[in-house]
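Derivation of every value follows stated rules applied to the coordinates shown; laboratory data play no part. Because the structure is predicted, anything quoted here is derived from the model rather than measured. Cβ atoms come from the backbone with ideal geometry, glycine included; neighbour counts cover every protein chain shown.
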Protein chains: 2
Amino acid sequence: MRSDATPADPAEQAARSWRSTALLADGREILYFDESPGLNRAAITDKRDLPAHDAVAALRWDPLAGEPVMYAAQRQDRLFHPAAGSCPLCPSKPGHHTEIPAPGYDVVVFENRFPALAGPAGGRCEVVCFTADHEGSFAGLDPRRVRTVFDAWADRTAELGALPGVKHVYCFENRGEEIGVTLHHPHGQVYAFPFVPPRVSRLLARAGAHRAATGRNLFDDVVAAELADGRRIVARNDHWVAFVPEAARWPFEVMIFPCVRVPDLPAVPGPGRDGFGPVYQDVLGRLDALFAAPMPYIAAWQQAPSAEEGEAGQAGADDDAIAGRAEFGLHLHVMAIRRAEGKLKYAAGTESGVDAWSNDVLPEKAAHMLRSPTP
Amino acid sequence: MRSDATPADPAEQAARSWRSTALLADGREILYFDESPGLNRAAITDKRDLPAHDAVAALRWDPLAGEPVMYAAQRQDRLFHPAAGSCPLCPSKPGHHTEIPAPGYDVVVFENRFPALAGPAGGRCEVVCFTADHEGSFAGLDPRRVRTVFDAWADRTAELGALPGVKHVYCFENRGEEIGVTLHHPHGQVYAFPFVPPRVSRLLARAGAHRAATGRNLFDDVVAAELADGRRIVARNDHWVAFVPEAARWPFEVMIFPCVRVPDLPAVPGPGRDGFGPVYQDVLGRLDALFAAPMPYIAAWQQAPSAEEGEAGQAGADDDAIAGRAEFGLHLHVMAIRRAEGKLKYAAGTESGVDAWSNDVLPEKAAHMLRSPTP
């Protein structure tokens with residue numbers, strides 16, 4: 001257990017959160033990102049009697065598609081829609097010990113008890129709680145909290161990305177029972193993959209080919225084309241722009257790019273981190289206002305693979321991979337799955353069978369609906 | 001309207017179905033595959049007063065992923081869980097005119113009224129009704145009917161694949177409300193794509209690389225490895241073998257390969273077509289027996305792209321593409337989405353976000369559960 005509460009991002013003048021770490025009763029790590037100093041979270045012990053954490057996960061290789069598949073058989077036993085009173089993501093209180101031993105928190109990150117990545121297969125899975133308020137949502141966080149969550153994502157990307165064998169860090173949120181969420185407390189997840197996931201590999205390959213063919217960056221060209229067209233822009237400020245992509249797959253799909261391209265979350269400077277919340281929360285509010293029920297969505301940070309150790313100036317390194325990493329354009333990819341009142345989009349026969357997507361909502365119409373004044 | 005009812009597959013000695021075609025009131029084509037001759041379906045007129053069929057579909061190109069996306073905005077108006085009495089896939093009867101003007105049928109295929117592919121974008125979408133029995137299921141079809149459905153799939157693959165601009169014919173069934181099925185009458189679909197869908201492209205590229213590296217066929221090697229291992233075999237006969245793939249993505253995923261590799265459905269000879277039903281229906285029965293409710297699934301025929309016109313002996317043709325086509329190994333890919341009693345597998349954050357799949361059920365365990373005696 002460490003007690004060295006330190007500013008979460010010492011290199012960043014605008015850093016406004018304090019990180020402290022501790023261990024849970026079964027040996028898993030927990031990290032607090034507090035918005036005020038001196039809370040001494042490291043001294044808080046987990047009073048539960050848990051067996052030692054020995055998660056078994058396996059990684060296999062699909063010989064037909066040439067892609068990895070993760071196995072987490074013990075996840076079948078994970079909590080499934082627990083009652084609010086027994087939520088494992090709420091702060092602990094007398095008589096109810098949760099995954100978070102503290103009696104309150106701002107943002108907390110801990111190793112997942114039922115990980116899809118662990119052990120010999122490598123990698124790590126973490127849970128990120130956005131607020132101690134069980135009934136909250138990302139859309140309802142106060143601006144400073146969004147910044148703290150952003151700092152936590154950047155922290156995890158940098159720290160997990162530096163672990164041996166970790167090739168990519170993926171930060172995401174699943175929201176809504178309709179997309180399979182089993183715990184309703186507002187939270188996201190971080191996967192530190194021991195491989196570069198297929199979509200990231202494909203985008204990098206596409207960006208490399210685009211650079212070779214045009215001399216330009218693929219992500220820059222896509223964002224510039226959306227800005228020039230304008231019909232699919234949903235929201236923007238000085239730091240971020242949100243649009244429905246021209247070839248959206250989901251009925252209400254939004255990509256949020258920084259106005260200046262960076263490869264990953266740690267590379268976003270302080271003002272950009274502060275500027276993210278107003279655009280993203282505006283988009284989330286518009287998604288929730290479309291239909292009677294809150295919008296179920298996946299929010300996926302698409303970012304570059306982890307930097308290779310000793311990348312800078314390293315002679316003989318894989319030049320292609322390094323060039324590829326620098327070509328990546330960080331963006332948040334929001335996939336909202338309700339296509340109409342009471343109707344969901346399913347990734348069924350064409351999508352799951354042969355990766356051919358069909359969408360019932362034209363992107364221009366989706367953007368128009370999202371731009372309409374919220375009630 | 002044509003009245004030339006002919007054996008569905010004149011080149012095939014074992015053909016036992018008779019095909020006749022007609023037009024629906026709005027100009028869409030309908031094809032009957034009957035198990036007895038002389039029913040004169042072509043003389044049956046559609047008595048509905050339908051506006052001319054002018055489906056608008058669009059095809060766009062996703063610049064980031066480099067993949068096509070289909071748009072079918074008018075599909076938002078399609079029927080959504082109609083009551084059994086107003087099912088559009090039942091035969092017509094006095095006072096209830098459906099999509100099938102005939103008072104009964106064995107297997108019927110017609111152009112989808114709400115296609116994701118149509119018009120200038122090219123391609124075509126069809127619906128395949130497996131039985132006139134609204135309450136039936138593929139698992140419950142009699143053996144001869146399965147053969148008739150197989151003949152219909154092969155017929156559509158050959159005929160649609162020969163249309164100008166069609167690059168791939170995809171036959172599939174979505175089964176179950178849980179996967180988004182909006183019509184409960186037992187039916188599947190056929191998509192004639194104006195592109196080679198991404199998964200098929202990837203499998204072909206992988207097969208080409210495997211041939212270059214090993215001199216062997218990728219699909220043959222995968223099937224041989226499953227047979228040699230044996231732990232994941234679920235069912236087999238002289239013509240087909242069904243197994244849970246070693247790196248399955250879905251909790252209960254089964255691939256059914258012919259024992260002798262062929263590139264597509266038309267290439268399966270008569271005895272193989274007759275032998276398919278016993279293995280596939282055995283698998284479906286085992287899937288349905290796993291949990292209290294019937295298993296929701298996607299059943300996807302993975303087959304080669306359409307042959308290029310003049311492929312045989314054509315000088316100067318794209319040798320790689322032709323070689324690739326011949327390398328493909330036809331198989332039925334069954335993706336069952338219930339992971340436990342009352343629990344579904346969702347393609348959420350890791351799957352939909354970055355194409356990294358995780359599975360809660362180890363393939364050996366899934367195969368063991370499927371092999372256990374059915375009640």
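Structural remarks
- Listed residues A:V108, A:P143, A:G324: farthest to the positive end of the dipole of chain A (Cβ charges): A:P143
- Sorted largest first, extent of the protein assembly as shown alpha carbons per principal axis (Å): 88, 57, 55
- Per residue, the average separation of C-alpha pairs within less than 8 Å and at least 6 apart gives region B:20-72 a relative contact order of 30 percent.
- Considering only A:P94, A:P197, A:P37, the Gaussian network model of chain A with Cα springs below 10 Å gives its largest mean-square fluctuation to A:P94.
- Max mean-square fluctuation residue, GNM over chain A, Cα-Cα springs under 10 Å, options A:T182, A:T214, A:T45: A:T214
- Using only Cα coordinates, the Kirkwood hydrodynamic radius of region A:330-375 works out to 12.6 Å.
- Most mobile listed residue (B:R338, B:R206, B:R147) in chain B, GNM with C-alpha springs under 10 Å: B:R206
- Global form of chain B, assessed from the alpha-carbon gyration tensor, a/c cut-off 1.5: rounded
- Pairwise alpha-carbon distances in region A:199-371 exceed 22 Å for 49% of all pairs.
- For B:357-367, mean number of other protein chain Cβ atoms within 10 Å: 5
- The label-point distance for A:A225 and A:E135, in a model that sets each label 7 Å from Cα toward Cβ, rounds to 4.6 nm.
- Other-copy label distances relative to B:P94, 7 angstrom Cα-Cβ extension, nm: 7.9
- Ellipticity estimate at 222 nm from DSSP helix runs (n ≥ 4, -39,500 (n - 2.57)) divided over chain B, nearest 500: -8000 deg cm²/dmol
- If you take the Cα centroid of region B:152-190 and the Cα centroid of region A:323-375, the two points sit 24 Å apart.
- Within the straight-line cut-off of under 30 Å between alpha carbons, the lysines reachable from A:K47 are A:K93, sequence neighbours fewer than 8 places apart in one chain being disregarded.
- For a straight C-alpha distance cut-off of 20 angstrom, the lysines reachable from B:K345 (same-chain residues fewer than eight places away being disregarded) are A:K343, A:K345, B:K365.
- Using a cutoff of 8 angstrom between alpha carbon atoms and counting only pairs six or more residues apart, the relative contact order for chain B works out to 15 percent.
- At R0 = 60 Å, FRET efficiency that the Cβ-Cβ distance of B:D238 and A:S36 yields, to 0.05: 0.25
- For B:R231, inter-copy label distances in nm, listed shortest first [label point 7 Å out on the Cα-Cβ vector]: 5.4
- Column: log10 I(q)/I(0), Debye, Cα scatterers of region A:140-292, q = 0.11, 0.13, 0.14 Å⁻¹: -0.51, -0.73, -0.85
- Distances in nm from A:L344 to the matching label points in the other copies, shortest first (labels 7 Å along Cα to Cβ): 0.4
- For region A:199-371, with +1 on Lys and Arg beta carbons and -1 on Asp and Glu, the positive-most of A:A300, A:A247, A:A209 along the dipole: A:A247
- Here the chain A residue lying nearest the rotation axis onto B, judged by its C-beta and given with the distance in whole angstrom, is A:A347, 3.
- In this calculation the C-beta distance from B:A209 to B:T45 is compared with R0 = 56 Å, giving a FRET efficiency of 0.55.
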